[in-house]
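The structure under discussion appears below in the form of structure tokens.
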Amino acid sequence: MLYHLFDYLESHYNLWGAGLMQYLTFRSALAIILALLIGTITGRKIINYLRRKQVGETVRELGLEGQSAKSGTPTMGGLIILLSILVPIVLLGDLTNVYIQLMIFATIWLGVLGFLDDYIKVFKKNKKGLNGWFKIVGQVGLGIIIGSVMCFDQNIVVADKIEHTVEVSPEDNSVNNIYTYSAVHGADTTVPFFKNNTFDYSLMAEWASDEAKNTVTWVIYILMATLIITFISNCANLTDGLDGLSTGVSAIIALVLGIFAYVSGSVVYAPYLDIMYIPGSAELTVFAAAFMGALIGFLWYNSHPAQVFMGDTGSLAIGGIIAVFALLIRKELLLPLLCGVFLVEGLSVVVQVGWFKYTKWRYGEGRRVLLMSPLSPSLPKERYGGD
């Protein structure tokens, strides 16, 4: 809102200083500061409100060291994160930008999904929360929507064959750098660590006929987007266990994604660094800044000993934000590296559950690969040994 207000004041009234809002770096700096302030200032009020409402976490007894002390700690703290993200981006972001619209939509969608899960657990006294299948349907639904918009919205393009020419003005000998490119609407992504690093999903549809190839390509892309969003969102949810773990890891990921968004949206830096140029994607830098500020602000209360847990309200939204963000800037193949902690936690659960079910079917008794999952460094010494 402020971005559009100052843009109007500058264009119509030439208001002094209003042009600052046109600079991504300025708005990103304001976004991270504002998100941090909202998180730290309103965080205490939200935590106190949750305590008054007795919105406490019920901890399952596993014999872990210091586990009993966490019982009763307020949950649903993800509301702090959501508020700290949405307020700065609504105030400082370009709300006409399709990438910002998709990020706001994904944040609210998964925030509501996680809130419903926490609400059922806390207020309906149902420890299982929202049925797992409803969560999957919600995540898959978001993946289909994001993937479809990426496929069919003509405003979402990448640049092809960027050409740089230099013109010297005969009047004052000033130098003008002119960049020209052709916009391509396709299912392209970036393959990390390779020089010729563009991969087109249409290569996976070579077996289809010429008439059906385009349709098959979009179907493959939508399926990939759905799988990525669902998997990363659930892995982030599983990682939310130890105090500050999910928040701290996500803040680092937000920083990296923000840098990629800024570079990918720059017609100067993208070709120089051999990175795919995505017109309009630089606006996501403001969102990444707000996201990082919100996480750091929440970490103030979530670091050990945690005064509040984010619950599914925060963890589902965090994972979804990271996945959607990576898809929008065509860096989804970097997620295994960026979200290494999330993936290890998620895979540990997949292996544990899969092996338990297999051995129960095979031998009549379920067996475990790990002592517990998701992986935790806090295994009780008296039960499992160790110094």
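Can you confirm whether Pro279 is over 22 Å from Gly93 (Cα atoms) and not aromatic (Phe, Trp, Tyr)?
In short, no.
Whether any residue in region 247-265 is closer than 22 Å to Leu333 by Cβ and touching a Gly at 6+ places or on another chain (Cβ under 6 Å) is what I want to check.
no
Any idea which of (1) part of a loop (DSSP other than H, G, I, E, B); (2) outside the structural domain of Phe291 (by TED's automatic domain parsing); (3) at pLDDT 85 or above is the one Gly354 doesn't satisfy?
Only one criterion is unmet by Gly354, namely (1).
State whether the residues of region 117-127 include one that is in contact (Cβ under 8 Å) with a residue 60 or more places away in the chain, in a helix (DSSP H, G or I), more than 19 Å from Ala261 (Cβ to Cβ) and out of contact with any Gly (no Cβ under 7 Å at 6 or more places or on another chain).
Taking every residue of region 117-127 in turn, at least one turns out to be in contact (Cβ under 8 Å) with a residue 60 or more places away in the chain, in a helix (DSSP H, G or I), more than 19 Å from Ala261 (Cβ to Cβ) and out of contact with any Gly (no Cβ under 7 Å at 6 or more places or on another chain).
Name the residues in region 178-197 that are of a type outside the set (A, V, I, L, M, F, W, C) and either within 24 Å of Ala106 (Cβ to Cβ) or modelled with pLDDT of 85 or more (or both), would you?
His185, Gly186, Asp188, Thr189, Thr190, Pro192
Does Val351 satisfy the criteria of being of a type in the set (Val, Ile, Thr), surrounded by fewer than 24 Cβ atoms within 10 Å (Cβ to Cβ) and in contact with a strand residue (DSSP E or B) (Cβ under 7 Å, 6 or more places away or on another chain)?
Taking the combined requirement at face value, the residue does not satisfy it.
Would you be able to tell me the number of residues in region 121-148 that are on the phi < 0 side of the Ramachandran plot and crowded, with 18+ Cβ neighbours inside 10 Å?
Looking only at that region, the number is 11.
Working carefully through the options Leu130, Leu116, Leu142, find the one that is modelled with pLDDT under 85 and touching a Leu at 6+ places or on another chain (Cβ under 7 Å).
Leu130
Within region 44-61, can you find the residues that are touching a helix residue (DSSP H, G or I) at 6+ places or on another chain (Cβ under 9 Å) and at pLDDT 80 or above?
Arg44, Ile46, Ile47, Leu50
Test Lys161 against the stated conditions and say whether it is at positive phi and either in a helix (DSSP H, G or I) or touching a strand residue (DSSP E or B) at 6+ places or on another chain (Cβ under 9 Å) (or both).
It is true that Lys161 is at positive phi and either in a helix (DSSP H, G or I) or touching a strand residue (DSSP E or B) at 6+ places or on another chain (Cβ under 9 Å) (or both).
With Leu79, Leu36 as the choices, which residue is within 16 Å of the chain's Cα centre (by Cα) and either assigned by TED's automatic domain parsing to the domain that holds Phe287 or modelled with pLDDT under 80 (or both)?
Leu79
Restricting attention to region 198-242, report how many residues are touching a helix residue (DSSP H, G or I) at 6+ places or on another chain (Cβ under 6 Å), touching a residue at least 60 places away in the same chain (Cβ under 8 Å) and of a type in the set (Phe, Trp, Tyr).
Residues in region 198-242 being touching a helix residue (DSSP H, G or I) at 6+ places or on another chain (Cβ under 6 Å), touching a residue at least 60 places away in the same chain (Cβ under 8 Å) and of a type in the set (Phe, Trp, Tyr): 2 in total.
Which members of region 267-295 meet the condition of being over 16 Å from Ala317 (Cβ atoms), crowded, with 19+ Cβ neighbours inside 10 Å and small (Gly, Ala, Ser)?
Once the filter is applied, which keeps residues that are over 16 Å from Ala317 (Cβ atoms), crowded, with 19+ Cβ neighbours inside 10 Å and small (Gly, Ala, Ser), region 267-295 yields Ala270, Ser281, Ala282, Ala289.
Could you please give the count of residues in region 292-306 that are within 23 Å of Ser28 (Cβ to Cβ) and in contact (Cβ under 8 Å) with a residue 60 or more places away in the chain?
Matching residues across region 292-306 total 8.
Considering every residue within region 322-332, establish whether at least one is surrounded by 16 or more Cβ atoms within 10 Å (Cβ to Cβ), in contact with a Lys or Arg (Cβ under 7 Å, 6 or more places away or on another chain) and at pLDDT 85 or above.
no
I'd like to know if region 204-212 contains one or more residues that are within 20 Å of Gln101 (Cα to Cα), of a type in the set (A, V, I, L, M) and part of a helix (DSSP H, G or I).
no
Thr189 is checked against (1) touching a Leu at 6+ places or on another chain (Cβ under 8 Å); (2) assigned to a strand (DSSP E or B); (3) free of Cβ contacts under 8 Å to residues at least 24 places away in the same chain and fails just one. What number does that condition carry?
(3)
Go through Tyr3, Tyr8 for me and flag whichever is surrounded by 15 or more Cβ atoms within 10 Å (Cβ to Cβ), of a type in the set (Phe, Trp, Tyr) and part of a helix (DSSP H, G or I).
The unique qualifying residue is Tyr3.
Consider region 273-291. How many of its residues are touching a residue at least 40 places away in the same chain (Cβ under 8 Å) and more than 15 Å from Val87 (Cβ to Cβ)?
13
Are any of the residues in region 137-153 aromatic (Phe, Trp, Tyr) and part of a strand (DSSP E or B)?
No, region 137-153 has no match at all.
The values are calculated or read from the model by the stated rules, or taken from the named source; none is laboratory data. All values derive from a computational prediction rather than experimental measurement. Here Cβ is always computed from backbone atoms with ideal geometry, including for glycine, and neighbour counts include all displayed protein chains.
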